[in-house]
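Trainee: Encoded as structure tokens, here's the structure I'll be asking about.
The values are calculated or read from the model by the stated rules, or taken from the named source; none is laboratory data. The structure presented is a predicted model; accordingly, all values stated were derived computationally and were not measured. Ideal geometry is used to build each Cβ from the backbone, glycine not excepted, and the neighbour counts take in all protein chains shown.
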Amino acid sequence: MTAITVRDLSRSYGGFEAVRRVSFEVARGEIFALLGRNGAGKTTTLELLAGFQRPDAGQVRVLGLDPVKDRRAVRRSTGIMLQEAGFFPDLTVNQTAESWRAFVPSARPAFEALELAGLLQKAAVKVRQLSGGEKRRLDLALALLGRPKVLFLDEPTTGMDPEGRRATWEVVRSLADEGTAILLTTHYLDEAQQLARSVAIMDKGEIVTTGGMAEILAAGTGRVIFEALPGIDPSSLPLPVRVEGGRWVCSADDPDLAAQTLLGWAAAQGVRLRGLEVRTASLEELFLEVGTDA
């Protein structure tokens, strides 16, 4: 079932169009990555979905409800983790979670949310003593208090160390497995590639690429990389290559076929392609192809 539906969504500030005719859907149990450079319109889109802003045009439905008109009902079933949250620095982690529970209907126990976010061992620590990554985990714990059916995550792992990032990934995956629809924005492209089943890339308020993660990566350009061949003119190869960091690189829609072609040529020439690597398209390369960056 569809958890989030967005149709021709637009939002302007004066003469500046922050979001322009954006459309996509997120299914229950799906992790959907909304990507783009700073100022692309991701956070504004998320705020429109959460009901913090009213769209100028278009339609948003979260669990079949209008997040502005039906805000109270939507908030009961959603959790949101913004880029920055305000905490009382002299409260402990547990006190913060307990105080937040008072505003969340049918909230799960504070210890349970802290355990999910990997913060239970910090329950007695004051918020001001937490690292930046630990504060992000506290943001996550608060977003999970209401057992959300829809979860908005805006840059959820900023400031986390590698261990914290991977632990957070596992929490996000487990929530999706349980049926939670998750809309994720992140500047970590490896994070999006690891987690998301579907992706939309925004640029200047518009979606420029969207689809299933596997589908759009398969449509991207892969690469075949190998060590430079001494004494051989690169133009004599059967496929065009360029030099990157002392190695030769061949871009190809089908990198496996390109590798076979190059290996066949090398065998006929009696040379060896050393350090051969065959890489399918990455999300980072896709960003470059569509003219944007993370």
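Trainee: Restricting the search to region 21-48, which residues are crowded, with 19+ Cβ neighbours inside 10 Å and closer than 11 Å to residue 205 by Cβ?
Mentor: Of everything in region 21-48, those that are crowded, with 19+ Cβ neighbours inside 10 Å and closer than 11 Å to residue 205 by Cβ turn out to be 22, 36, 40, 41, 42, 44, 45.
Trainee: If we only count helices (runs of 4 or more DSSP H) wholly inside region 190-294, which ones have 2 or more residues that are among the small types (Gly, Ala, Ser) and buried (at least 18 other Cβ atoms within 10 Å of the Cβ)? Walk me through it before giving the result.
Mentor: Values: elements: 213-218, 255-269, 283-289.
Ranges flagged: 255-269.
Trainee: Moving to a separate point now. Going by the structure shown, is residue 158 hydroxyl-bearing (Ser, Thr, Tyr), at pLDDT below 95 and either surrounded by fewer than 14 Cβ atoms within 10 Å (Cβ to Cβ) or over 10 Å from the mean Cα position of the chain (by Cα) (or both)?
Mentor: yes
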